[in-house]
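These notes concern the structure reproduced below.
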Amino acid sequence: MSIVDHPALNATRDGIIDELKAAGYDQDKVKIQFQSAQGNMATAGQIARKFIGDKPDAIVAISTPAAQSVVAATKTIPVVFTTVTDPVAAKLVSSWQPSGTNVTGVSDSVAIGPQVDLILKVKPDAKRVGMVYSPGEVNSTVVVKELKDELTKRGMTLVEAPAPRTVDVTPAAKNLVGKVDVIYTNTDNNVISTYESLVNVANQAKIPLIAGDNSVVKRGAAAALGMSYYDLGRQTGKIVIRLLEGEQPGTIAPEVGNKLSLSVNPAAAEKQGVTLSADLIQSAQEVIK
Amino acid sequence: MSLISLMGALEIGLIFALVALGVLISFRLLNFPDLTADGSFPLGGAVAAVMIVSGYNPWLACGMAALAGAGAGCLTAWLHVRLGILQLLASILVMIALYSINLRIMGAPNLALIGLPSVFTPFISQVEDNAWLIQPILLLFVVLFAKLALDAFLTSEMGLALRATGANPRMARAQGIATSRLTVIGMALSNALIALAGAFYVQTQGGADISMGIGTIVVGLAAVIIGETLLPARSLYLITLATLLGALLYRLMISLALNADFIGLQAQDLNLITAVLVTLALILPKLKQKLKSKQGKQPS
């Protein structure tokens, strides 16, 4: 089940289904049922109850609130969470060790160090990093906190630009002009859904855009080091298969998504006033022409 | 549809029955179009979640949540009656302000309650799954109590004055009723119920999330209107009962929509199916009437 239809979340779902198919669990061997709450939390709770009532071999919960409502409602049916940034803070599991309960899963948290390394590779003299994000998204507030700490360690500063709604993204970005050397964006749903408006501001003001989500590079970001949500789904699928083959969820330790990929867009970088080094372009898994 | 699925629909229906009773007070009785609900529902959830995380008694947390909701309702009413801001606009202002306030209260966009005590904990087994049965039963008592208390209030002298304020403010003022004061009281009561629903909601869902308020008002309104359509009533006791039934029915329809996959519908069709089912519920009584009058006209 998923909280909302959204490209990253849907890519995760497709990854899970493909992994199951690759292992021989196709339509006639397992029955896969998918429901999305279409953004409504109360419906998410109801979907959780429906699935529990159907007594499946495993429930995969995509996103934090979806996972919470399933975990709160069952102590017996195996639950696999995925695209949850911090499952310990979300109280899905008590630690990163095997939980001993009916819950395990995969986190999509990304180490922040490599992100800052990428910022410096694109703009070596960057001192001030701006970040547009929605204060209502856990995945973003966690990144803001970590990024702030990491930047302070390296003698750099973070300039925050909160944008609670999609229409707030342009004004928030404009507010950063003159105050920052680069703008960093994470997997924030609001920002991702209206990335073009951010690109407009960045191109006009010649500020490079660095992202933690690969999907936005072809939409105009200079470079991104992101989790492939499809691969995250494949990784989640592997856990589901282990459950289907008889392992208990309580004996499987929660994992962190292990595949990062670099995407670059040299043309967009030029528009934003920087030239990407040949090294960087060569090391990228994806180069947008 | 499995039994657990059905009980899940009832559980969320009962929680939203409290929302529907709140919406009944503002929209129907006070004639005050109030969108505060989208903010006061998560406000109640946030207050309750923070208090439970800090170790307070869950019932006390529910009480404080209701108080916070009452405060939000007072604020909306005050913006309207004292500062003269249009009702709809006043409620939108409070609703968007509450988004930031709720973030402040929770300290993060998501606050987990899994494993912490809730009002349901003393009745729930810690080893096997029986929450699906216990939670709706306990909520049924809470909701019935709320309905009876509300009935008692609305038939009291103050309650009658409140209804007069909504029905005909001019006449009410002429009768010496302090309409401004009653608007404030009514809005406080309405949002207290909605916030209380939020408090119960976070305890059944394993945590509070900043996005949980989205669409609260729509569900509340739908419940009130479905209730009115299916059980048209003039007596207050029946009106509140109809509202409760409307909330339950709305959730049962979503449950039906969730179980509609056998006719080739998919996850992304959920909202559409729900809308179609609700529309059917709304026009059903009219269709029945039409059918009856046609039969009556047929020559015997």
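The values are calculated or read from the model by the stated rules, or taken from the named source; none is laboratory data. Only a predicted model underlies this, so the values are computations on that prediction, with no experimental measurement involved. FYI the Cβ positions are ideal-geometry reconstructions off the backbone, even for glycines, and counts take in every protein chain you see. We work out accessible area using only protein heavy atoms, side chains counted, and drop any ligands, DNA or RNA first. Shrake-Rupley method; radii C 1.70, N 1.55, O 1.52, S 1.80 Å.
Below 8 Å, C-alpha to C-alpha, sequence gap of six or more: please give me the relative contact order for segment B:1-117 in percent.
On the way: 97 pairs, mean separation 36.0, N = 117.
The normalised contact order for segment B:1-117 reaches 31 percent.
When the accessible areas of B alone and A alone are added and the area of the pair subtracted, with a 1.4 Å probe, the result is around 3300 Å², both sides summed.
Could you provide, to the nearest whole Å², the per residue accessible area of the protein assembly as shown with probe 1.4 Å? Can you show the working numbers first?
On the way: 24900 Å² over 589 residues.
Heavy-atom accessible area per residue stands at 42 Å².
Inter-chain neighbour count for A:61-70: the average number of beta-carbon atoms from partner chains within 10 Å of each residue's beta-carbon is 4.
Taking all Cα pairs closer than 8 Å and separated by 6 or more residues, the relative contact order of chain A comes to 21 percent.
Straight Cα distances below 12 angstrom link A:Lys75 to the aspartates and glutamates B:Glu128, B:Asp129, with same-chain residues fewer than 8 positions distant left out.
A Gaussian network model of chain B, with springs between Cα atoms under 10 Å, assigns the largest mean-square fluctuation among B:Gln268, B:Gln87, B:Gln126 to B:Gln268. Cross-link reach is defined here as a Cα-Cα straight distance under 30 Å, omitting same-chain residues fewer than 8 places apart; for A:Lys127 the lysines meeting it are A:Lys145, A:Lys148, A:Lys153, A:Lys174, A:Lys179, A:Lys206, A:Lys218, A:Lys259, A:Lys271, A:Lys289.
Between B:Thr36, B:Leu182, B:Leu148, the Cα set farthest toward the positive side of the dipole of chain B (charges on each charged residue's Cβ, about the Cα centre) is that of B:Leu182. 3J(HN,Hα) along segment B:5-15: 4, 5, 5, x, 5, 5, 4, 5, x, 5, 5 Hz, from the Karplus curve 6.51 cos²θ - 1.76 cosθ + 1.60 with θ = phi - 60°, whole Hz, x for Gly and Pro.
Of interest is the spacing of the C-alpha centroids, which for segment A:201-217 and segment A:121-188 amounts to 12 Å. Each of B:Cys62, B:Cys74 has its accessible area taken with a 1.4 Å probe; listed largest first, they run B:Cys74, B:Cys62.
Please tell me the relative contact order of segment B:73-211 in percent, rounded to the nearest whole number, where contacts are Cα pairs under 8 Å and at least six residues apart.
40
Taking only protein heavy atoms and a 1.4 Å probe, the accessible area of segment B:1-114 is 69% carbon and sulfur.
Rounded to the nearest 500 deg cm²/dmol, what is the calculated helix-only ellipticity per residue at 222 nm for chain B, with -39500 (n - 2.57) per DSSP H run of length n ≥ 4?
Values: 11 runs with 216 residues, N = 300.
Helix-only estimate at 222 nm: -24500 deg cm²/dmol.
Taking packing as the residue-averaged number of other Cβ atoms within 10 angstrom, the listed peptides B:50-60, A:42-52, B:5-15 run from highest to lowest as A:42-52, B:5-15, B:50-60.
Once you order the gyration tensor axes a ≥ b ≥ c over the Cα atoms, which shape class does segment B:103-247 get: rounded for a/c under 1.5, otherwise prolate or oblate by comparing a/b with b/c?
Details: a/c = 2.39, a/b = 1.77, b/c = 1.35.
Prolate is the answer for segment B:103-247, as a/c is 1.5 or above and a/b outweighs b/c.
Over the residues of chain A, the helix contribution to mean residue ellipticity at 222 nm works out to -12500 deg cm²/dmol, using -39500 (n - 2.57) for each DSSP H run of at least 4. In the protein assembly as shown, taking the dipole from charged Cβ atoms about the Cα centre, the farthest positive-side position among B:Gln268, A:Asn214, B:Ala281 is held by B:Ala281.
Dipole check for chain B: with +1 at the C-beta of Lys and Arg, -1 at the C-beta of Asp and Glu, and the Cα centre as origin, the magnitude is about 1380 Debye. Averaged over the residues of B:208-216, the number of partner chain Cβ atoms lying within 10 Å of the residue Cβ comes to 6.
Packing, as the average of other Cβ atoms within 10 Å across residues, places the peptides B:38-44, A:157-163, B:252-258, A:191-197 in the order B:38-44, B:252-258, A:191-197, A:157-163, highest first.
With θ taken as phi - 60° and the Karplus curve 6.51 cos²θ - 1.76 cosθ + 1.60 applied, the whole-hertz 3J(HN,Hα) list for segment B:275-280 is 4, 5, 4, 5, 4, 4 Hz, x standing for glycine and proline.
When only the Cβ of Lys, Arg, Asp and Glu is charged (+1, +1, -1, -1), the dipole of the protein assembly as shown relative to its Cα centre reaches about 1940 debye. Amide H contacts of A:Ser109 (H built 1.01 Å from N, in plane; Pro and chain starts excluded): A:Gly257 sit under 5 Å, all sequence-distant by 5 or more or on other chains.
Between A:Ile119, A:Leu244, A:Val71, the Cα set farthest toward the positive side of the dipole of chain A (charges on each charged residue's Cβ, about the Cα centre) is that of A:Ile119. Take each residue of peptide B:114-124, count the partner chain Cβ atoms within 10 Å of its Cβ, and average: the result is 2. About its Cα centre, segment A:221-273 has a charge dipole of approximately 100 debye under the convention of +1 per Lys or Arg Cβ and -1 per Asp or Glu Cβ, with nothing else charged. Heavy-atom surface analysis with a 1.4 Å probe gives segment A:60-197 a carbon and sulfur content of 55 percent of its accessible area. Could you tell me how far the Cα centroid of segment B:1-18 sits from the Cα centroid of segment B:52-103, in Å? For segment B:52-103 versus segment B:1-18, the Cα centre distance is 26 Å. Other residues within the sphere of radius under 11 Å centred on the Cβ of A:Tyr25, judged by their own Cβ, net out at -3 (K and R +1, D and E -1). Remark on A:Val180: its backbone amide H falls under 5 Å from none of the residues 5 or more positions apart or on other chains, H modelled at 1.01 Å from N.
Ordering B:Ile225, A:Ile183 from largest to smallest accessible area (1.4 angstrom probe), what's the sequence?
Values: B:Ile225 65, A:Ile183 0 Å².
Ranking B:Ile225, A:Ile183 by accessible area, largest first, yields B:Ile225, A:Ile183.
Close amide H contacts of A:Thr185 (hydrogens built in the peptide plane, cut-off under 5 Å, sequence separation of 5 or more or a different chain): A:Ile210, A:Ala211, A:Gly212.
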